[in-house]
Each structure stands twice: as C-alpha cells, then as structure tokens.
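Q: Okay, here's the structure, questions in a sec.
The values are calculated or read from the model by the stated rules, or taken from the named source; none is laboratory data. Keep in mind that this is a model prediction, so the values were computed, not measured. Glycine also receives a Cβ, built like all others from the backbone with ideal geometry; neighbour counts cover every protein chain displayed. When the accessible area is computed, the model is the full protein with side chains, heavy atoms only, and any ligands, DNA or RNA have been set aside. Shrake-Rupley method; radii C 1.70, N 1.55, O 1.52, S 1.80 Å.
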Amino acid sequence: MRLLKIVFWILWRVWFYILIALPILVMFPFLVISILKEEWYPYFFKMARIWAKVILFGMGFYYKIEREQSLEYGKSYMFVANHTSMTDIMLMLAVVQNPFVFVGKKELMKIPLFGFFYKRTSILVDRNSSKSKMEVYDQAKKRLDQGLSICIFPEGGVPDESIELDTFKDGAFRLAIDHQIPIVPITFGDNKRRLSYTFFSGSVGIMRVKVHPQINTTGKTGEDKKNLKDETRAIILNQLHLFNP
C-alpha cells in the first residue's frame with residue numbers, strides 16, 4: 001500500500017507541474033499581449049484566474065468560500081493570508097475577483113514559463129536587500145494608483161510544517177497604513193493538507209476559505225502597525241483553530 005501511495009504522489013506531483021504549464025502554453029499569445037501595457041493588467045488577471053482554476057480542479061481540489069463581507073470592485077485592498085502550500089497562489093487568484101498584484105520573493109521568477117510572467121506582473125522583493133524592500137513601496141504605490149490591490153503572505157515565506165501560523169512581517173501593514181487601504185484577512189484551512197511542500201504527501205479534496213471583514217486603516221499611523229499586525233494574525237489563527245479543532 002505504501003508503494004502505491006508513493007507512485008501516486010510522484011505521478012500526481014508531475015501532473016501538478018504539467019497543469020501549471022499547459023494553460024500558459026494555450027493562452028501564451030494572449031498573456032504576452034496583456035502584459036505589453038500596464039493598463040492591460042486586468043485582462044492578464046482574468047486569464048491568471050482561469051489558469052489557477054484549471055490547476056485546482058485538475059488536481060482534484062474544490063474550494064468552499066465563506067465571505068463575511070463583499071468587496072467593492074474597483075477599490076484597492078491589502079489581501080493577506082496564511083502561507084502553507086504551493087497552491088496558495090492559485091487559491092488566492094480563484095477566490096479574489098478584484099485585480100491584485102502579488103508581492104513575493106524573486107526566487108519564483110526562476111520557475112520555467114510561470115517565472116516569465118511572474119517577473120513582469122508581480123512586485124518582486126529580495127528579502128536580503130534593504131534597497132529591494134524600499135523599492136517595493138514605490139512599485140506598490142504605482143499599482144495602487146492604477147486602482148489595483150496588493151496581496152502579501154505576511155509570514156514572509158512558507159514556515160516549517162510544524163508551525164501552524166508563523167509570526168507576521170511588517171511589510172503588508174506598513175503599506176496598508178501608508179496608502180490608507182483596508183486590510184482583508186483570508187484564511188486557507190486545508191492547503192497544507194492538500195499539497196504541502198513535503199513531496200510524498202497530499203490528497204484530493206476540499207479547500208476551505210474564509211474571507212474575513214476588512215480592517216480599516218483610515219487615520220492609522222505607523223504607531224498602529226503592531227496592533228494591526230497582531231489583530232490580523234489573531235483573526236487568521238482563530239479561524240485555523242475553527243477549521244482544524
């Protein structure tokens with residue numbers, strides 16, 4: 001039985017990477033056109049959502065979303081969620097309809113095909129470079145001025161699987177305060193169980209998502225950053241406990 005599981009996991013993981021590439025190849029000319037001008041990004045975003053859903057459904061994942069508040073289309077938000085799986089990017093794209101830009105580590109640009117578009121559509125940060133971190137704010141302002149939203153996984157990376165929810169970095173909350181945009185906490189309940197970074201693991205099944213009410217930052221200053229960060233983390237952690245008591 002163990003041998004059969006290992007064979008399944010190997011084939012399943014290979015299928016995952018095939019699914020990442022296939023929609024990109026099919027939509028490649030349209031994707032390239034959509035990134036030629038920054039104002040065309042919303043069209044790229046729509047295709048990215050199709051790409052994400054193809055991967056999720058193709059892997060045997062189906063998501064169930066509970067929304068506590070509707071988001072206003074055309075309004076900018078700061079989306080933050082717990083980070084446990086390679087599927088977090090896909091699920092975020094599937095869940096959120098408002099066009100947003102990821103702020104993420106530059107290492108992902110090395111992934112074939114995916115990295116080509118990731119580099120050109122996301123805000124990349126070198127976590128070992130203070131200059132790179134400063135440049136993020138200028139790029140974020142530019143995107144927000146275009147009416148887009150921002151998405152950051154505030155744990156700053158994928159923590160060890162034994163950690164339920166790692167400590168949050170300041171970046172997302174500093175940006176939200178600086179630009180006076182609401183923070184929208186989102187909890188992913190099953191991504192680690194479905195497809196973690198441990199190779200011989202995972203299963204098909206449900207992915208539960210909770211979109212929490214927004215946290216307003218109007219009138220907040222840098223002195224409120226820690227409270228906002230702690231409040232957001234507590235919301236996500238409490239929901240994780242409800243998902244997995």
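Q: Among the residues of segment 165-189, which ones are more than 18 Å from residue 96 (Cα to Cα) and of a type in the set (S, T, N, Q)?
A: Passing the criteria: 167, 180.
Listed here are the residues, each with its yes/no results for (1) surrounded by fewer than 19 Cβ atoms within 10 Å (Cβ to Cβ); (2) of a type in the set (Gly, Ala, Ser).
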site: 145; (1), (2): yes, no
site: 162; (1), (2): yes, yes
site: 174; (1), (2): yes, no
site: 188; (1), (2): no, no
site: 202; (1), (2): no, yes
site: 209; (1), (2): no, no
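Q: Let me ask another. I need a count of the residues in segment 87-118 that are over 10 Å from the mean Cα position of the chain (by Cα) and of a type in the set (Ser, Thr, Tyr).
A: 1
Q: Quick check on segment 49-58. Is at least one of its residues among the hydrophobic types (A, V, I, L, M, F, W, C), under 19 Å from the mean Cα position of the chain (by Cα) and at pLDDT below 95?
A: No, every residue in segment 49-58 fails to be among the hydrophobic types (A, V, I, L, M, F, W, C), under 19 Å from the mean Cα position of the chain (by Cα) and at pLDDT below 95.
Q: Report yes if some residue within segment 46-67 is touching a Phe, Trp or Tyr at 6+ places or on another chain (Cβ under 8 Å), more than 15 Å from residue 195 (Cβ to Cβ), open to solvent by 50 Å² or more (accessible area, probe 1.4 Å) and among the β-branched types (Val, Ile, Thr); otherwise report no.
A: No, segment 46-67 contains no residue that is touching a Phe, Trp or Tyr at 6+ places or on another chain (Cβ under 8 Å), more than 15 Å from residue 195 (Cβ to Cβ), open to solvent by 50 Å² or more (accessible area, probe 1.4 Å) and among the β-branched types (Val, Ile, Thr).
Q: May I ask you to list the residues in segment 33-63 that are in a loop (DSSP other than H, G, I, E, B) and farther than 28 Å from residue 160 by Cβ?
A: 35, 36, 37, listed by residue number.
Q: Then there's this: Would you say residue 155 is within 30 Å of residue 2 (Cβ to Cβ), touching a residue at least 40 places away in the same chain (Cβ under 8 Å) and not in a strand (DSSP E or B)?
A: Numbers: within 30 Å of residue 2 (Cβ to Cβ): no; touching a residue at least 40 places away in the same chain (Cβ under 8 Å): yes; not in a strand (DSSP E or B): yes.
Considered against the rule, which asks whether it is within 30 Å of residue 2 (Cβ to Cβ), touching a residue at least 40 places away in the same chain (Cβ under 8 Å) and not in a strand (DSSP E or B), residue 155 comes out as no.
Q: Take the conditions at pLDDT below 95 and surrounded by 13 or more Cβ atoms within 10 Å (Cβ to Cβ) and apply them to residue 9. Does it pass?
A: yes
Q: Residue under question is residue 149, and the condition is that it be closer than 30 Å to residue 244 by Cβ, at pLDDT 85 or above, open to solvent by 70 Å² or more (accessible area, probe 1.4 Å) and among the hydroxyl-bearing types (Ser, Thr, Tyr); does it hold?
A: no
Q: Pick from segment 176-186 the residues that are in contact with a Phe, Trp or Tyr (Cβ under 8 Å, 6 or more places away or on another chain) and surrounded by 18 or more Cβ atoms within 10 Å (Cβ to Cβ): which of them is farthest from residue 208 (Cα to Cα)?
A: This residue is 181.
Q: Let me ask something else about it. Do any helices (runs of 4 or more DSSP H) entirely within segment 169-245 hold 2 or more residues that are under 20 Å from residue 63 (Cβ atoms) and not basic (Lys, Arg), and if so, which?
A: Working: elements: 171-179, 191-194, 225-243.
Because the criterion is at least 2 residues that are under 20 Å from residue 63 (Cβ atoms) and not basic (Lys, Arg), the helices (runs of 4 or more DSSP H) in segment 169-245 that meet it are 225-243.
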